[in-house]
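Before any comments, here is the structure.
Taken together, the values in this text are just the output of simple stated rules run on the coordinates, not laboratory data. Quick caveat, the model's predicted, so the values are computed rather than measured. Heads up, the Cβs are rebuilt from the backbone with ideal geometry, glycines too, and the neighbour counts pull from every protein chain shown.
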Amino acid sequence: MAQANPIEDLAGKRREWLEQVRRWAEDYPLTYKHEGDIIKPQYVVEKIYELCQGEAIITTEVGQNQMWTAQFFHFSHPRTLLSSGGLGTMGYGLPAAIGAQVAFPDRLVVDIAG
């Protein structure tokens, strides 16, 4: 039988870990190398962000594009990323985008797939 194990000072217990994560983010910021004429997917995600000024609802298909979107589209509003997470089915993004567009006909909706 599971016993109650209350966490007394959650913020205090997490402080050291969150400080370590912050240091890693400073030491190893998310970046990528521009190489010649090759257009990187991270660059494309950044350009989508710039073009819509962060105001779009974004959906993603299953795959690495989920990570690139989460890392390089600088979301400024809650509930504007529709993603299946890591365990979704292929083909999620397009119907999610259609649903978002029906729900919000006056908003720009972009499905990042590829």
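Give me the compactness ratio for the chain, meaning the Cα radius of gyration over 2.2 N^0.38 Å.
For the chain, the normalised Cα radius of gyration is 1.37.
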(request) Treat every Asp and Glu Cβ in the chain as -1 and every Lys and Arg Cβ as +1, leave all other atoms uncharged, and give the resulting dipole magnitude about the Cα centre to the nearest 20 debye. (result) 180 debye
(request) Go through segment 14-108 and name the GluC sites (Glu not before Pro) that are in a DSSP coil and have 10 or fewer other Cβ atoms within 10 Å of their Cβ. (result) 35
(request) Between residue 27 and residue 9, with labels modelled 7 Å along Cα→Cβ, what's the label distance in nm to one decimal, could you check? (result) 2.6 nm
